[in-house]
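Trainee: Pasting a structure below so you can have a look.
None of the figures in this text is laboratory data; all of them are computed from the coordinates on show. Nothing here was measured: the structure is a model prediction, and the numbers come from that model. No Cβ is skipped: glycine too gets one built from the backbone with ideal geometry, and neighbour counts run over all protein chains shown.
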Amino acid sequence: MDFQNSTELDGDRLQRLLIRHTYPYRHERLKVRVRYSRGADFSGTCFYSDVRIFVNLGRHVRFPYQLGTHIARAQCNATHWWRETFRLVLADPYQLALFVYLHELYHYLVKTAQRNPRRKEAMCDRFATRVLVDQHGCAVIGARGQRVARHRWDFQDVDAFVAAAPRVPTTLFDLVEPRPPRPIPVRVLGVRAGARRKRRTAEHCS
């Protein structure tokens, strides 16, 4: 990963965090830039052509921070459709940066899996939310601050959707073409090769 950080966050810690949660997908081509936004709480952008992800964080954001998501199931009636706003409670700016990064990373994975990248905002939010909930203990809450049941937002297999995206080889044997084993010479200790030949000849003649 080509990583640059122009914020006050610890760059080494942040890079390790992003790489850790990119696995099992390949990251060596990714160019990630973490910087401050011009005024928004946060934003992110993914450029497919040169594999760049921008993570923009607001200087003014205070934590814990309740991030509005699109993870709720869409609902509709005869005239219109709507979606509840479920909020993800983030403890610090590292978690906010991770959410934005994972959201944009999923856009990239959709593209590399040769799926249609249009209208995938909800799936990107679910992909990021699952990591923050499962790996960092973040809570998903509703409009009145109550915890939201998991089945109300985690109802898609977002990993299966991008199963064709390039992944990190699981072992070193996946990196190289296997070679046939070479024969191992057998040697009897304490007996020279010439002596062994003479002995075999004498035994044969007798």
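Trainee: May I ask for the net charge around Thr112, where only other residues with Cβ less than 10 Å from the Cβ of Thr112 are counted and Lys, Arg are +1 while Asp, Glu are -1? Present the calculation step by step, with values, prior to reporting the outcome.
Mentor: On the way: positive: Arg26, Arg29, Lys111, Arg115; negative: none.
Cβ neighbours under 10 Å give a net charge of +4.
Trainee: So, one more: Quick one: order His60, His27 by neighbouring beta-carbon count within 10 Å, fewest to most.
Mentor: Ranked by crowding around the Cβ, least crowded first: His60, His27.
Trainee: How high is the FRET efficiency from Asp134 to Arg16, r the C-beta distance, R0 22 Å, rounded to 0.05?
Mentor: Numbers: r = 18 Å, r/R0 = 0.83.
My answer for the efficiency is 0.75.
Trainee: Follow-up question, since we're still on this one. Label Ala91 and Met1 with points 7 Å out from Cα along Cα→Cβ: what is the distance between them in nm?
Mentor: 1.9
Trainee: Computed FRET efficiency, Cβ-Cβ of Val168 and Ala78, R0 45 Å: what is it to the nearest 0.05? Intermediate values should be presented prior to the final figure.
Mentor: On the way: r = 48 Å, r/R0 = 1.07.
That pair, Val168 with Ala78, gives E of 0.40.
Trainee: What does the charge dipole of segment 2-174 about its Cα centre add up to, to the nearest 20 debye, if the Cβ of each Lys and Arg holds +1 and the Cβ of each Asp and Glu holds -1?
Mentor: Dipole of segment 2-174, to the nearest 20 debye: 420 debye.
Trainee: Fewest to most neighbouring Cβ within 10 Å: what's the order for Thr7, Thr129?
Mentor: Sorted ascending by nearby Cβ count, the order is Thr7, Thr129.
Trainee: Which of Phe86, Val140, Phe161 sits closest to the plus end of the dipole of segment 2-174, meaning its Cα is farthest towards the positive end, when Lys and Arg get +1 and Asp and Glu get -1 on the C-beta?
Mentor: With unit charges placed on the Cβ atoms, the residue in question is Phe86.
Trainee: Using the basic label-point model (7 angstrom from Cα toward the beta carbon), what is the Arg29 to Phe63 distance in nanometres?
Mentor: 3.2
Trainee: Moving on to the next point. Taking the beta-carbon count within 10 Å as an exposure proxy, list Val55, Val89 from fewest neighbours to most.
Mentor: Result, fewest neighbours first: Val89, Val55.
Trainee: Once Rh is set to the Kirkwood radius over Cα pairs, what Stokes-Einstein translational diffusion coefficient, in µm²/s, holds for segment 2-174 at a temperature of 25 °C and a viscosity of 0.890 mPa s?
Mentor: My calculation gives 145 µm²/s for D.
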